[in-house]
Amino acid sequence: MSDVAELRDVTELLRLASPAPRPQSLAFDGTYLWMGSLETQRIYAIDPTHWTVEEEAQAPGKPYGMTVVGDELRVLCGEPPDDNRIIRRFVPGHGFKENSVIPCPDDTGSQLGYDGDRLYVSQWYNQRILSINDSGNVGTTIEVPHGICGQVIVDGCFYLVTTDDEPTTNYWLTRVDARNGPPKIEDIARIPFQARALAFDGSRFWTNHRERAEIVAFAQP
């Protein structure tokens, strides 16, 4: 692990107004940056060049996390009446599919990732990442040293937004390489605000400054 006191801040490239309040989840599909809002409980396809909304849809609950799976999305929702954590299939242009439901293990989870083979759900307060199948059964478990509030898989590694103290501005970009042997975990940069979610567009990371209703792009360290 790195000494977090010595980490440099991420280099912000863009800070743009979210099309809806309280942006929570993010995913990039190769064309659009998808964002889910806790306030409206809708998801939005944003053209990152013109910063326009090209599609939006009502989610079955609060869209806490999302990831791209082929030409589709998987969206982790907190659904009524008890904020039950359910992963839903979303097909752009067609909406959410009611018959495709994966319950989150332990009825908890917030962020999603997909490596081309397996779906991964992170549990913030349990400080771990779980691989799951289409029934929600757990395969691999990866323990991490911080709470997890953002997740994306890039070149076979997990990149996470993490924190040890949610109300503060002590957040980090953490890399986890679990490909061979014990996971190699390193905090590689500081994120100086209360970030939520993580996406990667091939050159830049994206995250949300949720309580300021802003979406932030920053350089890959």
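The values are calculated or read from the model by the stated rules, or taken from the named source; none is laboratory data. Computed from a predicted model, the values in this text were never measured in an experiment. Counting neighbours? That spans all protein chains shown, and the Cβs are built from the backbone with ideal geometry, glycine included. Just so you know, the surface numbers come from the protein's heavy atoms only, side chains and all, with ligands and any DNA or RNA stripped out. Shrake-Rupley method; radii C 1.70, N 1.55, O 1.52, S 1.80 Å.
Evaluate the following for residue 215: is it farther than 15 Å from residue 113 by Cα, open to solvent by 30 Å² or more (accessible area, probe 1.4 Å), at pLDDT 95 or above and among the β-branched types (Val, Ile, Thr)? In short, no.
Which one is surrounded by the most Cβ atoms within 10 Å (Cβ to Cβ), of the residues in the range 69-108 that are among the small types (Gly, Ala, Ser) and under 18 Å from residue 41 (Cβ atoms)?
So, considering only residues that are among the small types (Gly, Ala, Ser) and under 18 Å from residue 41 (Cβ atoms), the one surrounded by the most Cβ atoms within 10 Å (Cβ to Cβ) is 78.
Within the range 41-63, the set of residues being open to solvent by 50 Å² or more (accessible area, probe 1.4 Å) and acidic (Asp, Glu) comprises 54, 55, 56.
Is one or more of the residues making up the range 180-195 closer than 26 Å to residue 70 by Cβ and not in a strand (DSSP E or B)? No, there is no match, as no residue in the range 180-195 is closer than 26 Å to residue 70 by Cβ and not in a strand (DSSP E or B). Considered as a group, the residues in the range 1-40 that are of a type in the set (A, V, I, L, M), more than 27 Å from residue 96 (Cβ to Cβ) and touching an Asp or Glu at 6+ places or on another chain (Cβ under 8 Å) include one that is most open to solvent (accessible area, probe 1.4 Å), and that residue is 1.
Within the range 165-183, track down each residue that is more than 21 Å from residue 212 (Cα to Cα) and surrounded by 13 or more Cβ atoms within 10 Å (Cβ to Cβ).
If the condition is that a residue be more than 21 Å from residue 212 (Cα to Cα) and surrounded by 13 or more Cβ atoms within 10 Å (Cβ to Cβ), then 174, 175, 176, 177, 178, 183 are the ones that fit.
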